[in-house]
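Here is the structure we will look at.
The values are calculated or read from the model by the stated rules, or taken from the named source; none is laboratory data. Computed from a prediction, not measured in an experiment: that's the story for all the values here. Side chains are part of the model used for accessible areas, which takes the heavy atoms of the whole protein and leaves out ligands, DNA and RNA. Shrake-Rupley method; radii C 1.70, N 1.55, O 1.52, S 1.80 Å.
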Number of protein chains: 4
Amino acid sequence: MASKITIPEIQAILDAELPLVEVLGMQVEEVTAGTCRVRMRFKPDLIRPGGTVAGPAMMALADLAMYVVVLSLVGPVDLAVTTNLNINFLRKPGPKDMIAEGRVIKAGKRLAVVEVDLYSEGDPQMVAHVTGTYSIPPGTPDAA
Amino acid sequence: MASKITIPEIQAILDAELPLVEVLGMQVEEVTAGTCRVRMRFKPDLIRPGGTVAGPAMMALADLAMYVVVLSLVGPVDLAVTTNLNINFLRKPGPKDMIAEGRVIKAGKRLAVVEVDLYSEGDPQMVAHVTGTYSIPPGTPDAA
Amino acid sequence: MASKITIPEIQAILDAELPLVEVLGMQVEEVTAGTCRVRMRFKPDLIRPGGTVAGPAMMALADLAMYVVVLSLVGPVDLAVTTNLNINFLRKPGPKDMIAEGRVIKAGKRLAVVEVDLYSEGDPQMVAHVTGTYSIPPGTPDAA
Amino acid sequence: MASKITIPEIQAILDAELPLVEVLGMQVEEVTAGTCRVRMRFKPDLIRPGGTVAGPAMMALADLAMYVVVLSLVGPVDLAVTTNLNINFLRKPGPKDMIAEGRVIKAGKRLAVVEVDLYSEGDPQMVAHVTGTYSIPPGTPDAA
């Protein structure tokens with residue numbers, strides 16, 4: 001199965017509707033049906049004590065990766081909404097770009113569950129691990 | 001027991017170390033030992049499809065409220081770190097300021113667990129509910 | 001609004017369909033629309049190292065409290081299912097009965113979100129805190 | 001690195017200290033340093049409406065898998081305790097044995113974070129996904 005949305009189509013939604021993506025310097029790099037890779041550029045605005053990337057910036061990156069995974073399954077449905085997000089912070093990231101690798105673990109008619117691994121660029125150790133649930137609006141073509 | 005930190009002392013830490021707080025327009029309004037209220041001004045930068053406040057902005061607000069609750073218990077320890085955050089999004093917020101009410105539910109030697117309720121200003125229905133865990137650095141004066 | 005189910009009606013569902021409730025010695029003590037109190041008798045079968053109540057027994061108690069809260073809102077719908085449960089263990093419980101206090105924080109058409117506080121009988125300090133989500137089957141009379 | 005505990009050593013701890021493991025029919029099948037596989041026999045006591053395995057039984061299985069992963073890293077330390085567990089229920093399991101596959105995603109000095117995938121025997125689709133945190137007692141030989 002192919003992704004139901006292309007990177008330019010996703011970018012158009014993000015540009016029109018999610019200014020925070022631009023503010024935080026996030027960019028979709030890869031999408032297949034049910035997976036994605038998203039990057040967040042390192043910026044001084046995003047640091048926390050210790051010079052490392054702040055937790056909320058990581059949560060924003062994970063949330064975007066979840067959204068992109070859902071779009072890849074259902075197409076350009078801008079009313080899908082996160083209902084739950086759980087994050088475990090594992091290690092201090094470096095002062096570097098962060099990479100989010102997202103993948104679907106359940107694509108149902110009403111709910112999609114997505115897992116996201118966060119990394120510092122160039123370091124194989126996971127920095128944070130996220131699971132989240134998206135609610136799919138009724139009437140959306142079946143993602144399952 | 002009184003808060004181990006004042007609002008101006010918190011503000012000084014945030015100004016020096018957490019630029020994202022300023023970027024997102026967040027402000028500490030009240031602190032007692034183990035509780036706080038934090039506000040996030042409504043800004044066009046923070047919206048998501050539908051004109052409402054984006055989820056990541058709410059997570060950033062909740063994370064700040066958790067940090068302030070921890071500071072109120074242990075004093076100005078800038079190396080306390082979030083280890084886990086779980087958020088349930090309950091209702092669409094209005095295009096308004098958001099208010100976070102945080103309170104400690106466990107203050108241990110090594111971990112603090114904090115609960116945060118998020119509201120849209122002027123609406124009594126909870127918009128999102130958060131629980132999270134902070135790791136307290138060894139050697140910190142006992143929060144318990 | 002009154003509860004859409006009585007304690008005897010709940011007990012009949014539990015007796016017929018959830019043998020684990022009997023195995024673990026759990027009992028519904030109070031139900032109103034959107035709240036409940038459930039008790040788990042202390043039994044040697046439920047202990048963990050240190051002589052205290054095992055975590056999985058507490059999770060089972062919280063899950064039952066969530067289910068009872070959902071039944072109080074939608075009536076005897078035995079196909080409502082938990083989709084997410086998050087628990088923070090706060091303190092070691094005593095070798096005593098445990099009490100779960102559940103309350104709804106969102107009652108939607110498709111999802112209900114419930115919060116549960118767990119206590120050791122006679123001790124005011126919370127032992128564990130749970131939030132969870134239930135999926136409500138389509139066609140169920142509106143819980144909202 | 002080899003597991004710091006063998007299956008017979010784990011079994012001895014479980015037999016002595018965790019009667020619920022026997023009640024629920026759970027058994028450790030495989031352990032390496034940082035991973036394990038644990039089985040729960042299908043029993044009529046564990047069902048829920050619809051004839052399928054009850055959620056609390058799955059949570060107990062996941063909790064045991066987390067504990068075994070931690071023991072594999074730190075050796076026979078019976079005071080390690082779960083501090084947080086988050087579960088997403090993905091699909092209805094069959095009336096069959098359930099298998100938990102656990103693996104560590106962070107082994108720190110004070111906290112270990114573990115991920116567990118749950119399956120119905122013979123079905124490749126994940127039934128539930130769990131992440132959890134264990135607190136490691138001070139003075140334990142370093143798991144990292």
- [ ] With a probe of 1.4 Å, find how much accessible area the stretch C:7-135 has per residue, and write the answer as a whole number in Å².
- [x] 33 Å²
Open item on the list: How large is the Rg to Rh ratio of chain C when both quantities use alpha carbon positions and Rh follows Kirkwood?
Closed with: 0.96
- [ ] Please work out the Cα convex hull volume for the protein assembly as shown and give it in Å³ per residue.
- [x] 140 Å³
- [ ] Report, in degrees rounded to the nearest 10, the 0 to 90 angle that the Cα long axis of helix A:7-17 makes with the longest principal axis of chain A.
- [x] 80 degrees
Open item on the list: Taking all protein chains in place and a 1.4 Å probe, what share, in percent, of the accessible surface of the protein assembly as shown do carbon and sulfur account for?
Closed with: 56 percent
TODO: Could you state how much accessible area is buried at the B-A interface, both sides summed, with a 1.4 Å probe, in Å² to the nearest 100?
DONE: 2500 Å²
Open item on the list: What do you get for the angle between helix D:55-74 and the principal long axis of chain D? Use alpha-carbon atoms, 0 to 90 degrees, nearest ten.
Closed with: 20 degrees
Task: At least 40 Å² of accessible area lost relative to the chain alone, listed for the stretch A:65-93 with a 1.4 Å probe - done: A:Thr83, A:Asn84, A:Leu85, A:Asn86, A:Asn88, A:Phe89, A:Leu90
